[in-house]
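K.L.:
I have a structure I would like to understand better, so I am pasting it below and will then ask my questions one at a time.
The values are calculated or read from the model by the stated rules, or taken from the named source; none is laboratory data. Keep in mind the model is a prediction, meaning the values are calculated, not measured. Cβ sites come from the backbone with ideal geometry, for glycine too, and all protein chains shown count toward neighbours.
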Amino acid sequence: MMRPGALEGRTIVITGGGTGLGRSMAEAFLRLGAKVCITSRKIDVLRATADELGKATGGTVLPVACDVRRWQDVEALLQQVLEAFGRVDGLVNDAAGNFISPTERLSSKAFETIIGIVLMGTVNCTLAFGKHWIKQGEKDKTVLNITTTYAWTGSGYVVPSACAKAGVLALTRSLAVEWARYGIRTNAIAPGPFPTPGAWQRLLPGDLAEQFDMAKRVPLGRVGEHHELADLAAYLVSPFSGYINGEVVTIDGGEWLKGAGQFNMLGALDAGMWDAIERMVRGVKN
Ligand code: HXC
Ligand code: NAP
C-alpha cells in the first residue's frame, strides 16, 4: 500500500475503467489523491461507476465514452481530459475484449475485433497521449499496459487475445526505450486469474469455473484479490517507481511458472510416495 497522498496532483486515464480491474485501479488511485478519468464504450456504466467511486472516495472522477478502436474517439477523449483537468500524467491501457473458442471456429472478423480492442486500442491511446506529451515537452509521464502471462507463453482457445497481448508487450518494451528521452516511462502488469464478471462470463461460462478451478492452477492456492493488483498499479504509475521502465510485472501467485516447469506436476505426490520414490532412485545401480 502506498502512503496517503502518493498520487496527489496527478491525473490518470484508465481505459476499461468502469468495470472489473480497471474500476479497482480507479478506486485505488482516487484514494491516493489522483484525479481519474474512466473511459469505455458504455457511458451509463461509466457514470454509475464514477458516481459510486466519487461518493466512496471523495475524489474527482470523469466518465468519458470512447471506443479505443476509433482514433477520433481517442483524440476526443484526450481533449475532454485536458479541458476538465488541464493536464494528464498517466495512461492505463486496461480495456480488452476476449472469449474462449477453438481457433478454427473463428472468423477473420473475430480476430480483427479482439486485436482491434486490445492491440490497436492500446496503440491508439498510447500514440495520442504520447504525441501530446512529446509536443508539450512535458516529462514524468507513465503508460501502464495490462497484458497477460500468455503474452509470452501463448495459449490455445484465446488465440486472438494471445496475439494481441503479445503485441502489447512488444509495444511496452519498444517504447520504454524509444520514449524514455521524453520522460515517458512504459511498463506492464501481467495478471494471473483475478475474478471479474467480464472475464469469467466469457472465459469460464456455465459450470466451467467449477470444472476448471483457477485457484488449483496457482501455487499459492488462490486467485488474486483486486487490491493486490490495484496497489501494484498505483506504485507503477507513481513517481516512486521512477527508475522502473520497460518492465512487465507478473502478479499471478506463480501460475505460469507452474505450467512451465517440466517436473512441477510432482507437486501432486504425497510424503509416502516420495519415500518409495527415494528408495527406488537410490537403489539404481547402473
Ligand atoms: C466465436 C465470436 C464469439 C464467440 C463474438 N464472436 N463472440 N466468435 N465465438 N463466443 C465473433 C462475432 O461472430 C463477430 O464475427 C466478431 O467476433 C465480433 O463480434 P461482435 O459481437 O460484433 O463484437 P463487439 O460487439 O465489438 O463485442 C466485442 C466482444 C465482446 C469482445 C465480442 O465480448 C465484448 O464487448 N467484450 C468486452 C469485455 C471483455 O471481453 N472482457 C474480458 C476481458 S478478460 P462475425 O464474423 O460473425 O461478424 C481478459 C482476460 C485475459 O482479457 C486472461 C484471463 C486469465
Ligand atoms: P472487464 O471488466 O470486462 O474489462 C474490460 C473493459 O474493457 C470493460 O470495461 C469494457 O467496457 C472495456 N472495453 C471493451 N471494449 C472496449 C472498446 N472497444 N473501447 C473501450 N473500452 C472497451 O474485464 P477485466 O477482467 O477487468 O479485464 C481488465 C484487463 O485485465 C484486461 O486488459 C484483461 O485482458 C486483463 N486481464 C484480466 C485478467 C483476469 O483474470 N480478470 C487476467 C489477465 C489479464 P465497455 O464494454 O463499456 O466498453
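K.L.:
Having 1 or more residues that are closer than 27 Å to D231 by Cβ and aliphatic (A, V, I, L, M) is the bar; report the helices (runs of 4 or more DSSP H) wholly within the stretch 7-124 that clear it. Before the answer, list the steps.
P.N.:
Working: elements: 20-31, 43-57, 71-85, 108-115.
Where helices (runs of 4 or more DSSP H) fall fully within the stretch 7-124 and carry at least 1 residues being closer than 27 Å to D231 by Cβ and aliphatic (A, V, I, L, M), they are 20-31, 43-57, 71-85.
K.L.:
Continuing with this model, one more query. Mind checking whether some residue in the stretch 228-239 is part of a loop (DSSP other than H, G, I, E, B) and either touching an Asp or Glu at 6+ places or on another chain (Cβ under 6 Å) or more than 27 Å from M2 (Cβ to Cβ) (or both)?
P.N.:
no
K.L.:
Return the only residue of S174, S161 being surrounded by fewer than 18 Cβ atoms within 10 Å (Cβ to Cβ) and either touching a residue at least 12 places away in the same chain (Cβ under 8 Å) or under 27 Å from G90 (Cβ atoms) (or both).
P.N.:
S174
K.L.:
How many residues are in contact with a helix residue (DSSP H, G or I) (Cβ under 6 Å, 6 or more places away or on another chain) and either basic (K, R) or outside any helix (DSSP H, G or I) (or both) when one looks only at the stretch 145-169?
P.N.:
7
K.L.:
Looking at the stretch 170-194, which of its residues are near ligand 2 (Cβ under 9 Å from one of its atoms) and in contact with a Gly (Cβ under 8 Å, 6 or more places away or on another chain)? Break it down stepwise before answering.
P.N.:
First, pick out the residues of the stretch 170-194 that are near ligand 2 (Cβ under 9 Å from one of its atoms): 189-194.
Once the filter is applied, which keeps residues that are near ligand 2 (Cβ under 9 Å from one of its atoms) and in contact with a Gly (Cβ under 8 Å, 6 or more places away or on another chain), the stretch 170-194 yields P191, G192, P193, F194.
K.L.:
Of everything in the stretch 86-106 that's buried (at least 18 other Cβ atoms within 10 Å of the Cβ) and more than 16 Å from ligand 1 (Cβ to nearest atom), which residue is nearest to L144 (Cα to Cα)?
P.N.:
This residue is L91.
K.L.:
Okay, moving on. I'd like the residue in the stretch 197-226 that is of a type in the set (A, V, I, L, M, F, W, C), more than 9 Å from ligand 1 (Cβ to nearest atom) and not in a loop (DSSP other than H, G, I, E, B) and, out of all such residues, is nearest to the chain's Cα centre (by Cα).
P.N.:
A215
K.L.:
Being in a helix (DSSP H, G or I) and under 19 Å from S241 (Cβ atoms): is that true of T172 here?
P.N.:
For T172, the condition - in a helix (DSSP H, G or I) and under 19 Å from S241 (Cβ atoms) - is met.
K.L.:
Filtering the stretch 188-247 down to residues that are over 24 Å from L119 (Cβ atoms) and polar (S, T, N, Q), which residue is surrounded by the fewest Cβ atoms within 10 Å (Cβ to Cβ)?
P.N.:
Across the stretch 188-247, the extreme among qualifying residues is Q211.
K.L.:
How about the stretch 112-148: which of its residues are more than 16 Å from C66 (Cβ to Cβ) and within 15 Å of ligand 2 (Cβ to nearest atom)?
P.N.:
Listed by number, the residues that qualify are E112, T113, I114, I115, L119, V143, L144, N145, I146, T147, T148.
K.L.:
Which residue out of A209, A230, A215 is among the small types (G, A, S) and modelled with pLDDT under 95? Step through it out loud before you land on a result.
P.N.:
On the way: A230 fails: modelled with pLDDT under 95; A215 fails: modelled with pLDDT under 95.
Only one candidate passes the filter, namely A209.
K.L.:
Okay, moving on. When both residues are 6+ apart or on different chains and their Cβ atoms are under 7 Å apart, which pairs have a first residue that lies in the stretch 9-25 and is touching a residue at least 60 places away in the same chain (Cβ under 8 Å) and over 21 Å from A76 (Cα atoms), and a second that is away from ligand 1 (no atom under 14 Å from the Cβ) and part of a strand (DSSP E or B)?
P.N.:
From residues that are touching a residue at least 60 places away in the same chain (Cβ under 8 Å) and over 21 Å from A76 (Cα atoms), the pairs are M25/I14; M25/V92.
K.L.:
Hey, any hits in the stretch 179-186 for a residue that's among the hydrophobic types (A, V, I, L, M, F, W, C) and assigned to a helix (DSSP H, G or I)?
P.N.:
Yes, the stretch 179-186 has at least one match.
K.L.:
While we're here: Of everything in the stretch 248-270 that's in a loop (DSSP other than H, G, I, E, B) and surrounded by 14 or more Cβ atoms within 10 Å (Cβ to Cβ), which residue is nearest to the chain's Cα centre (by Cα)?
P.N.:
My answer is D252.
K.L.:
Separate question: Considering G167, G156, G130, which residue is within 16 Å of ligand 1 (Cβ to nearest atom), closer than 16 Å to G246 by Cβ and out of contact with any Gly (no Cβ under 9 Å at 6 or more places or on another chain)?
P.N.:
One residue alone meets the criteria, G167.
K.L.:
For the stretch 209-236, how many residues meet the condition of being touching a residue at least 40 places away in the same chain (Cβ under 8 Å), farther than 20 Å from L257 by Cβ and within 15 Å of ligand 2 (Cβ to nearest atom)?
P.N.:
Within the stretch 209-236, residues that are touching a residue at least 40 places away in the same chain (Cβ under 8 Å), farther than 20 Å from L257 by Cβ and within 15 Å of ligand 2 (Cβ to nearest atom) number 5.
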